[in-house]
Amino acid sequence: MLRPAPHATDPTMSQALVLTSHLDYAQAMREELASLGLARVDVELDALRAVQLRPQAYALILIDTVLEAMDGLQLLLLFRQQAPATIFVMIGDESLARTSAIKNGADLFLERPRDAAGRKLAVEKIGALLEPAEESAAAGAEAAPLVAIADQIETGCLSGDSVLLQVHHEKESGDIFIHNGNVFHAQYPGRSGTAAFYDIVNWNGGLLEVRSMKIHHLPPRTIEMPYRDLLRQAAATDTLPGGDAQPPDEAYVSLAGGTTVDSVSDFLNEAPPLAAGEQPSIIPFPRPEDAALLNVHAHWKVDLTGALVEGAKGYDPDHCAFITSFIYRKLADVAVALELDYFERITLWGQEFQQVLVADNLGVRHALFESARTTETQRNEYVKWCRERGV
Amino acid sequence: MKEAFEEIARLPGMIAAVLIREPDEVAGWCANSAISPENLRFIAETCRSIFSATADEERPSNLAAVAFGERTVVIREGGGYLFLAYLDSPTDEAVVLWLFEQVDPILALEGVFFEPMEEQA
């Protein structure tokens, strides 16, 4: 059952995961495993969150036989199917579980160490598993054929299709969404939008494993640039010196009208100064007479394309739509990085104003409250009002 | 700072936390979940851009709570630092106040001070 670990020849490139419900034990094992020279040792205390992980990203995974929300043996079986090259060590309190653990794909079963000496001994045994294996070259024998990702994107866009390109390279994987012939969104753990797109298409020089799938759920749009410009930028990014070089327009955003700006400051600076006595335009919507809005200083709603839908007392409709859309997109990036669904609500506290944004999969409502006159109850009433009306 | 974050990791509901020293240095972090410090720094910096945007709007804020279902990201900026906590819990003002009642003394021992909560929330 022994198999070469990913990056087995260079432990400093490897990551390990300790999956247990016991915080103290997890932290102790993290300390011990760090002595093996692994690049990083992660801890996961929640089995349900662990199910969302990509086990193939780890060279080594330690799993408890008993987890709070799940049978560790079942999780081992699931992970083993997803990550045949990863080394799995099952930790249990009774040797009876040994047979089941090995049957479900464990490379090693260890009784739970009770003290520092036991942990040290356990880590020595685990370290032996991480020794470079002669057949390590066999690890990639079943790899799918590599294709030029740029060609796949161009084909998808030219055909006007809506497809999801699932891209894999070694331990990385990412998604590129093409909707009606436009690159709509890109993501991989830790990044989304154009920055994710540039990274993904440059993995392995653009030669990657690609699966094309039908789109079932359309995520919020994070990319506005035409696909040819994106591919051109990506090629330029690849030739920039330094591994982490970013293209110059990482903060590329778009207003509903199609204007592109680099940052909030640039956007504000682009607005022409008002003439003396001139009033800024006011969102031309009547203020609803709902009680929940009586304490709201101003509020408005944008759809997921960033276009203003309605509102009251918000100065400069374009500006209101822009700032709401900007925050929404940034929180979409955070959601991707945390591998969560999109945010439902953000509360921003300031000395003068408090702001509340409420989102669903159709739009975002944004309200301003005067801090000195607003209570949490009043903000909650606004959130309830949003939910009742539908965002 | 390592011991401070070991203590922060033991707070109930804590999934992960990170402290960024300006401009973008990870001064400390912890995770009871498989989240890398690089990922936490990315999330914190992304949230910082929201604070920058509200400041540009002349409606500055330096404390925020973002609800993702039953989980919450709490961000606080001040004193040249940005602190982010990722919690396995919904939050209201009482939870945010409780969180910083726990975190502030721990970070203060490391020389990290934020403005008093009553001036932020």
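The values are calculated or read from the model by the stated rules, or taken from the named source; none is laboratory data. Keep in mind it's a predicted model, so treat the numbers as computed, not measured. Cβ placement follows ideal geometry from the backbone for every residue including glycine, while neighbour counts extend to all protein chains displayed.
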Exercise. May I ask you to verify whether B:Leu87 is within 13 Å of another protein chain (Cβ to nearest Cβ) and either of a type in the set (A, V, I, L, M, F, W, C) or touching a Gly at 6+ places or on another chain (Cβ under 8 Å) (or both)?
Key: yes
Self-check item: Residue satisfying all of: in the range B:55-74; more than 7 Å from chain A (Cβ to nearest Cβ) and out of contact with any strand residue (DSSP E or B) (no Cβ under 6 Å at 6 or more places or on another chain); farthest from A:Ser325 (Cα to Cα) among these
Solution: B:Glu70
Self-check item: Residues of the range A:364-391 classified as on the phi < 0 side of the Ramachandran plot and in contact (Cβ under 8 Å) with a residue 24 or more places away in the chain, total
Solution: 19
Self-check item: Complete set of residues in the range A:360-374 that are at pLDDT below 90 and farther than 14 Å from A:His297 by Cβ
Solution: A:Asp360, A:Asn361, A:Leu362, A:Gly363
Quiz item: Quick one: B:Glu77 ticks every box in (1) facing another protein chain (nearest Cβ under 7 Å); (2) within 22 Å of B:Ala4 (Cβ to Cβ); (3) among the acidic types (Asp, Glu) bar one, so which box is it?
Solution: (1)
Exercise. Being more than 7 Å from chain A (Cβ to nearest Cβ) and within 14 Å of B:Val74 (Cβ to Cβ) is the filter here, so list the residues in the range B:21-54 that pass it.
Key: B:Leu40, B:Ala44, B:Arg48, B:Phe51
Exercise. Sort out which residues of the range A:65-96 are modelled with pLDDT under 80 and of a type in the set (Gly, Ala, Ser), and write them in order of number.
Key: A:Ala69, A:Ser95
Quiz item: Just checking, which of A:Ile126, A:Ile149 is within 16 Å of A:Thr86 (Cα to Cα) and modelled with pLDDT of 85 or more?
Solution: A:Ile126
Self-check item: Residue among A:Asp333, A:Asp360 that is touching a helix residue (DSSP H, G or I) at 6+ places or on another chain (Cβ under 7 Å), among the charged types (D, E, K, R) and either more than 17 Å from B:Ile50 (Cβ to Cβ) or surrounded by 19 or more Cβ atoms within 10 Å (Cβ to Cβ) (or both)
Solution: A:Asp333
Quiz item: Can you name every residue in the range B:103-117 that is more than 14 Å from every other protein chain (Cβ to nearest Cβ) and surrounded by fewer than 16 Cβ atoms within 10 Å (Cβ to Cβ)?
Solution: B:Pro105, B:Ala108, B:Leu109, B:Glu110, B:Gly111, B:Phe113
